[in-house]
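Report on the structure given below.
The values are calculated or read from the model by the stated rules, or taken from the named source; none is laboratory data. Note that this is a predicted model, so its numbers are computed, not measured. Here the Cβ is made from the backbone with ideal geometry for all residues, glycine too, and neighbour counts use every protein chain on show.
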């Protein structure tokens with residue numbers, strides 16, 4: 001039996017003096033010729049995880065394990081288009 005490694009996951013971590021928010025698996029719709037982009041300049045992630053001061057004190061790393069964090073219900077959407 002061959003073990004297939006899971007692909008690396010990444011995300012954005014927003015840090016403040018009192019809390020941290022992890023935005024996992026960010027995606028941006030690519031702009032390719034001939035492809036209709038329904039949401040140009042929009043970055044989406046999976047629902048965010050929040051670590052409050054109590055969780056940060058108990059954590060042994062820069063962010064606590066997912067089972068202990070507060071989870072958001074909706075997927076965040078960020079406008080990353082330039083200009084205006």
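With 23, 63 as the choices, which residue is modelled with pLDDT of 85 or more, assigned to a loop (DSSP other than H, G, I, E, B) and surrounded by 14 or more Cβ atoms within 10 Å (Cβ to Cβ)?
The conditions single out 63.
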Taking the range 1-20 only, how many residues are more than 17 Å from residue 57 (Cα to Cα), touching a strand residue (DSSP E or B) at 6+ places or on another chain (Cβ under 7 Å) and in a loop (DSSP other than H, G, I, E, B)? 1
